[in-house]
1. Quick one: is residue 275 away from the ligand (no atom under 14 Å from the Cβ), on the phi < 0 side of the Ramachandran plot and open to solvent by 20 Å² or more (accessible area, probe 1.4 Å)?
2. Counting just the residues of region 293-319 that are in a loop (DSSP other than H, G, I, E, B) and more than 20 Å from residue 147 (Cβ to Cβ), which one comes out nearest to the ligand (Cβ to nearest atom)?
3. Restricting to region 322-364, count the residues that are among the polar types (S, T, N, Q) and touching a strand residue (DSSP E or B) at 6+ places or on another chain (Cβ under 7 Å).
4. Checking the condition away from the ligand (no atom under 16 Å from the Cβ), closer than 30 Å to residue 263 by Cβ and small (Gly, Ala, Ser), which residue from 104, 57 passes?
5. Find the strands (runs of 3 or more DSSP E) located wholly in region 20-117 whose residues include 1 or more that are of a type in the set (Gly, Ala, Ser) and touching a Lys or Arg at 6+ places or on another chain (Cβ under 8 Å), and list them.
6. List pairs: first residue in region 278-294 and closer than 14 Å to residue 354 by Cβ, second residue β-branched (Val, Ile, Thr) and in a loop (DSSP other than H, G, I, E, B) anywhere in the structure, Cβ distance under 8 angstrom, at least six positions apart or on different chains.
7. Do we have residue 156 as part of a strand (DSSP E or B) and either within 21 Å of the chain's Cα centre (by Cα) or away from the ligand (no atom under 16 Å from the Cβ) (or both) here?
8. At least 1 residues that are at pLDDT below 65 in each: list the helices (runs of 4 or more DSSP H) lying fully within region 333-398 that qualify.
Amino acid sequence: MNTATANRNNVNLHDVAIIGGGLVGASLALALQPAGLNVALVEPQPAAVTADGDWDSRIYAISPGNAAFLTRLGVWTRLDPQRVQRVETMVISGDRRDSRLQFSAYDAGLPELAYIVESSALQRAMLDMIAVEPGVCMLCPAQATGLAVMDDAARVTLADGSLLDAQLVVGTDGRDSLVRREAGIDAKISDYRQSGVVANFATEKPHHGSAFQWFFEDGILALLPLPGNRVSMVWSTSEEYTQTLLSLDAQALADRVAEASGGAVGMLQLMTPAAAFPLRLAKIARLVSARLALAGDAAHNVHPLAGQGVNLGFRDVRVLAEVLASRAPRQDCGDLALLRRYERARREDIAAIAMSTDALQKLFGSRSVLLSGVRNFGLGALNQLPVLKNLLIQHAVA
Ligand SMILES: Cc1cc2nc3c(=O)[nH]c(=O)nc-3n(C[C@H](O)[C@H](O)[C@H](O)COP(=O)(O)OP(=O)(O)OC[C@H]3O[C@@H](n4cnc5c(N)ncnc54)[C@H](O)[C@@H]3O)c2cc1C
């Protein structure tokens, strides 16, 4: 990043420039509107559209706390309720038949543990709102290629050579964040040497609102409920087994997943082709610097076994929007003291999720007989501890 005292002649000054219009960046643009902030949102790719009736194989388990946040933004009510599935129970199994941990919304006194929503539906709902929001200037397709911090603003250079000035630049540009790189913020990346293989299936038996997860020696299989007799799979597994799964034809893949899941929802029929996403852990040294903040995957990458990635990102947005809205009347959005409040408020949640998902991945990814005993014993023992189970649930639903 260049530190320059360039003059801003002929360049509009926004309060906030958000780089990256994925779910986190788009929700931030909307969340800043009640504070009356003037926002530019930069995104290279128009939103992907799924053909009518097709089910997106990128789905998210959204926590009730984040569903409430998206409701306050007006996004949730734009979703077709027929395509949103409540998760009422979660059944987690080890590699021994008797090692099982079950969470139930009813036992925890909650209406639901999570909601399953298609990524494209959430994205569409947000972008439709942004299109009619006078406080948001959406630049798409547009790509940030450079960043410089000046005395009174940060300046973003776009691929077409145009410039964008803002009091604050927020990098929501995903795991390979250009904003993070340009700001010189260190990222400690550990490759899990695994991918998350996703696909949707029609099921023979009803799932009754249950999410299932199996911890095997060589991976973690999750079947998340979709409306009707359908489930969405995330199978986090080695690079070699990913290639095996991707090479299977529709029937062979469905049979393989039905077998691995012990027939929990009966026979399966593939609805969407399988796709794979490489998995990694990224610990980011700082969330803020002068006139700059990071949020979403630009600020953290975690293993998807707990379905927390975008949930962490929405919690970043909730805090950042609150901090900016609470600034003093003439306080600049890029004020570092203000941004540090955001960083302090987010540190613990991010570290806790990164650490716990990493520890679980290692514990369950181990071939050691000792660790296998610990994990199987641990699941069964935890199942008998209602207080600890409730603590885990309270964290997951935030
Ligand atoms: C298999 C799998 C399953 C998952 N399941 C869950 C789940 O159930 N629940 C959950 O909470 N999370 C889940 N996650 C994690 C979740 O997918 C991510 O945390 C989330 O998508 C991050 O959103 P984001 O908006 O921060 O980043 P992204 O979705 O990566 O968006 C970044 C955006 O920035 C744009 N961009 C990039 N570079 C530039 C640039 N130079 N200029 C401008 N724009 C740019 C990109 O085009 C993109 O639109 C899962 C992840 C995987 C791999």
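The values are calculated or read from the model by the stated rules, or taken from the named source; none is laboratory data. Quick caveat, the model's predicted, so the values are computed rather than measured. Note that each Cβ is placed from the backbone with ideal geometry, even for glycine, and that neighbours are counted across all protein chains shown. Heavy atoms of the whole protein, side chains included, go into the accessibility calculation; ligands, DNA and RNA do not. Shrake-Rupley method; radii C 1.70, N 1.55, O 1.52, S 1.80 Å.
1. When the stated conditions are applied, residue 275 does not pass them.
2. 307
3. Here the count works out to 1.
4. 104
5. 89-93
6. Final answer for the pair search is 281/302; 284/185; 285/185.
7. Criteria not met by residue 156.
8. On the way: elements: 336-364, 369-383, 386-396.
Ranges flagged: 369-383, 386-396.
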